Each structure stands twice: as structure tokens, then as C-alpha cells.
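Below is one structure; the comments refer to it alone.
The values are calculated or read from the model by the stated rules, or taken from the named source; none is laboratory data. Keep in mind the model is a prediction, meaning the values are calculated, not measured. FYI the Cβ positions are ideal-geometry reconstructions off the backbone, even for glycines, and counts take in every protein chain you see. Each accessible area value is taken on the protein alone, full model and side chains, heavy atoms only, with ligands, DNA and RNA left out. Shrake-Rupley method; radii C 1.70, N 1.55, O 1.52, S 1.80 Å.
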Amino acid sequence: MNRQWLYAKQPVGKIGKDTFQWHEGAIPVPRDGEVLVRTRMLSLDPANRAWMMGKTYRDALEPGQVMSGFAIGEVVEAKSGGLKPGDIVEGDWGWQDYAALPTRRLTKRTTDAPLELLIGPLSVTGLTAYFGLLEVGQPKPGDTVLVSAAAGAVGSMAGQIARLAGCRVVGTAGGQDKCDWLVKELGFDAAVDYKAGGVFRALRVACPNGIDVYFDNTGGPVLDAALSLMNLKGRIVCCGNVSQYDVEKPAPGPMAVPGLVVTKRLRLEGFIVMDFYDRRAEAEARLARWISEGRIKAELDIFDGLERAPEALIGLFEGNNRGKRAVRV
């Protein structure tokens, strides 16, 4: 049997359990040129919600489709060259036990690492932090780097990479416990609880010399505050806009654009991690070394059971995760 979560209906405001529908059907049979994959790990990401809002870098989700999601799985049957039963592969085949996919839509994983690391820190999550910070942000030793949603999957990695690059690192997170964790466990120099209010004042204290690089995962009030504190020729890495995903009506953009962007000669640049996949092997090897040496802590927040995927994603937007959230199927 192939258990699936379908995308049932477009949410108005926050996602809920009725956004998804459980379905059970037959295991698909691969055709020539395809492989049958059994899901082992399922990644949960803010992008899951963004895909419900309309076309982005991929087509929008439509009600009745299998809920989309990045996954790690094991090849069960292959009717195509290049892959064989037992191979570990990754791809976007959604919230289901099994999928039959063309080989070109899958990436074989050869890294000798646990699946829990392959689902995020040594894949899309870690690569997003790595390339976003180092290639788009271009930090220099001594720079002040601000990271929003710093206790999340990408933010926690980006902040630690900035620390390895010789920067002063400040993060924002929801709640004092998360802020304490960033400083005491991950080595951030300071952290600001955005839920406590007064974000601009708190960031001005935490960043007395201004901000050189802002790794933006949230948009919203933190972006507004950061724009005013950016130093001349600062760089803003536009990675996500999570503060505006799970709401009924997204807020308007910051009033400081384009004014402060012009006067401070700022650079705002968005990116998609796949833009850098020609250098993926190099980046993954470096990330794996940092993790094995203990220079980066890869925090994992794992739920057991496909049936818990909606619960886990809803909780992600309630801010009750720390690090990478995933489902072990």
C-alpha cells in the first residue's frame, strides 16, 4: 500500500489539519526509464507553505495533488540505467511512501553519512546556508552578520558558517530559550528575541557598529529594522520570507525600499540554491568536514511516522522547532 498526504485545499491564513487529506492506494509500477523509490526521510520547510500561494520557482500546488516535499529514499526497483536497488537518492516526490520517477529527477547520494544529515545539513538546507552566505553575502573577517530565523534549519547553519568566516554574528529568534541556545551552544555573539518587541532598538544595541551582511529568512519587521542599520555597501541575502507565508494577507513591503538601498548603496540579492549545484560536491565535503570536526552543530528535530507530517509542518510555523525539522518515514 502507498500511503499519501494530499493537498486538500488552499488555506485562508494559517495552515491546519484540513489543509491535508490522507489517502491510501496501490504502490506505483515504474515504467521504462523510471525507478521505484521508497521514502525514508521527508524534509519539512517553509517553502512547503509558499508553494500553496502561487507559482514561485516551481508550479503552484493544486488541490488533489500529493503534497510536495523534498525527500530521501531507497531505490526498490529500477527500469533505467545508472541506479540499482538499494541506492540512496534524493528528490522532490512529496509526502508518500513510494513514488515512480524518471532517473533524471533523482540525485544519487554517495556521502557516507546518516540519512538524518543527508535530509538537510548535508543537502538543500546546508547548501542554502553555505552558498547564500559565502557567495551572495560575501562576508569578510570582522564584518557584522545578522541572521533572521537563526534558530531554524538554514539560519542556524548560516550563522555558524559566518562565525567560521571570522565575523561577529547576531541572530533573531522567537523566545529567550532559543536566543540563549544560539549564544551558548552555537557560538553567536548576540541574539534578539523578536517576540519581545522593540526589534529595532534591540538590534541597534546588539549591532553597535551596524550590519554588513543580513541573511534574511523572514522579511517583515526584522527586514525593516535591518535596512535602517545596514552599513554603507552592505549586502542583504534574500533567502526567504517566512513571516509572510502563513498569514491571510501578506503585509506590504518595507517603506525604506528603495530609499535606503540607494543612499547606502546596498545590494539585495535573491537566490535559489540550485543556482550553485555545479559546485555542490565541494560544498558538501566542506560542510561534512565542519560537522565531523564539531565546528558546526547540526541540530535535528525529527518526527517519526508519515502520519505526523501535517502536525510537524504546522508546528514549524508556530515556531516550536529548533534546527532542521524532518519526518522519518
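In table form, for the structure just shown:
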{"item": "Candidate set from segment 207-236 (those that are among the small types (Gly, Ala, Ser) and either assigned to a helix (DSSP H, G or I) or at positive phi (or both)); member that is most open to solvent (accessible area, probe 1.4 Å)", "result": "Ser228"}
{"item": "Matching residues, segment 124-154, being farther than 21 Å from Val222 by Cβ and either aromatic (Phe, Trp, Tyr) or touching an Asp or Glu at 6+ places or on another chain (Cβ under 6 Å) (or both)", "result": "Tyr130, Phe131"}
{"item": "Thr111 vs. criteria of a type in the set (Val, Ile, Thr) and within 13 Å of the chain's Cα centre (by Cα)", "result": "no"}
{"item": "Spans of strands (runs of 3 or more DSSP E) in segment 90-206 with at least 2 residues open to solvent by 20 Å² or more (accessible area, probe 1.4 Å) and touching a residue at least 60 places away in the same chain (Cβ under 8 Å)", "result": "98-102"}
{"item": "Failed condition for Pro30, given (1) more than 19 Å from the chain's Cα centre (by Cα); (2) surrounded by fewer than 18 Cβ atoms within 10 Å (Cβ to Cβ); (3) not in a strand (DSSP E or B)", "result": "(2)"}
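Let's see how each residue does on (1) among the aromatic types (Phe, Trp, Tyr); (2) open to solvent by less than 80 Å² (accessible area, probe 1.4 Å); (3) assigned to a loop (DSSP other than H, G, I, E, B); (4) in contact with a Gly (Cβ under 8 Å, 6 or more places away or on another chain):
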site	(1), (2), (3), (4)
Val257	no, yes, yes, no
Val261	no, yes, no, no
Leu268	no, yes, no, no
Glu284	no, yes, no, yes
Ile291	no, yes, no, no
Ile302	no, yes, no, no
Arg308	no, no, no, no
